[in-house]
1. Taking neighbour Cβ counts within 10 Å as the exposure measure, how do Val129, Val346, Val155 sort from fewest upward?
2. Which of Lys167, Lys253, Lys133 comes first, and how do the rest follow, when ranked by fewest Cβ neighbours within 10 Å?
3. In straight Cα distance, which aspartates and glutamates are under 19 Å from Lys133, not counting same-chain residues fewer than 8 positions off?
4. Provide the convex hull volume over Cα atoms per residue for the chain, in Å³.
5. With N residues in the range 63-158, what two-decimal value do you get for its Cα radius of gyration over 2.2 N^0.38 Å?
6. What is the distance in Å between the Cα centres of the range 1-78 and the range 202-233?
7. With 10 angstrom as the radius, rank Tyr50, Tyr161 by how many other C-beta atoms surround their C-beta, starting from the fewest.
8. Highest mean first, what order results for 4-14, 240-250 on Cβ atoms within 10 Å?
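Each value in this text was obtained by applying a stated rule to the coordinates, not by laboratory testing. Keep in mind that what you see is a predicted model, and the values were worked out from it rather than measured. Counting neighbours? That spans all protein chains shown, and the Cβs are built from the backbone with ideal geometry, glycine included.
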Amino acid sequence: RTRYTGLIDKYRDRLPVHDDTRIISLGEGNTPLIRLNNIPRVLGKDIDIYVKYEGLNPTGSFKDRGMTMAVTKAVEEGSKAIICASTGNTSASAAAYAARAGITAFVLIPDGKIALGKLAQAMMHGATVIQIKGNFDEGMQLVKEVGAEAPVTIVNSINPYRLQGQKTAAFEIVEELGSVPDFHCIPVGNAGNITAHWMGYSEYHENGIVNTLPRMVGYQASGSAPFMRGKMVDDPDTVATAIRIGHPQSWDKAWKVHEESKGWFDECSDDEILAAQKLLAEKEGVFCEPASATSLAGAMRDIQSGKIPEGSKIVCTLTGHGLKDPDIAIQQSTAVQAVDATLDEVKKAILANME
Ligand code: F0G
């Protein structure tokens, strides 16, 4: 029996580390690939849908895959501080890995519109949290300017080690399925993750480990959909705050993925996103944050329309855990029933809810 010690140890020969590199890990990666049982039946389609539950990473999102690499390399290169702009998950992850490494983390977050769980994480791990009076895109611009002047390492996905770490999600999927899926559906914000997955699949393809490639399908929230508009969006908005991004950093890379994989981009409304989040939680027992549900919302629409044909094998990435954003979850649920603490009242409440 070998102990799982994180994705750098597991994929060491495919990552830019040396034998004596001190690895900063929290046991990230190795997340479950869950086959959906009930939703295909709801859709009435003969379809194989898997969700890659990245919310089960140590800080509750896929960012940990990239952060273990970025922080490992920052420490190796002698950096004493890291910095990022974030809609929440990157800051939570950066804060945790900096704590683990014993270095400082600075995080710039937008004014409001950050899910509370993520803020709690950055604060608990001791990061310096700087809330700017602006959105993510403005924060990202500032981080680039600070990074050029101060001795801090930027750990946003423009840091190339981030994508190296994140490509391992594709490796895990191939190992579980024994092949690539036909379609890989994924939420798109900065477009780092779609790029990283394509890197992973392409690497296995070039090395002859797989002989086909998936079509990469990127879904955005309608209010923050620069890839659909064909240009940057200056005032992005969506309930899926994690992907409230109008100026994606990996713009060119993602268009290349689109072209090379013969995939497509599409957009989902906030209502569709929340409906998919709820459906997944209620029908499959899987709780993801709103941004993550964008992949399933889009996939369901494309399955219904036949764009994704029956008989296909699909993987949807669920990028972050549902507990990240309790407010949105509670808002869209029915109220808790308050009753007197008597057997009679409790019985009544139960009977009233039995079909
Ligand atoms: N899903 C979640 C839950 C995210 O937090 C993000 C990005 C994405 C999807 C989009 O991934 O940017 O690689 O296309 N969150 C960043 C952050 C921006 O600051 O946490 P992408």
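1. With the sparsest Cβ surroundings first, the list reads Val346, Val129, Val155.
2. Sorted ascending by nearby Cβ count, the order is Lys133, Lys253, Lys167.
3. Hits, sequence-local ones excluded: Asp111, Glu145, Asp234, Asp235, Asp237.
4. Details: hull volume 58.3 nm³, N = 355.
Expressed per residue, the convex hull around the Cα atoms of the chain is 164 Å³.
5. Details: Rg = 11.9 Å, N = 96, 2.2 N^0.38 = 12.5 Å.
Normalised Rg, Cα atoms only: 0.95.
6. Between the Cα centres of the range 1-78 and the range 202-233 lies a distance of 19 Å.
7. Values: Tyr50 20, Tyr161 23.
Arranged by neighbour count, lowest to highest, Tyr50, Tyr161 become Tyr50, Tyr161.
8. Working: 4-14: 16.8, 240-250: 24.4.
Those peptides, ordered most packed to least, come out 240-250, 4-14.
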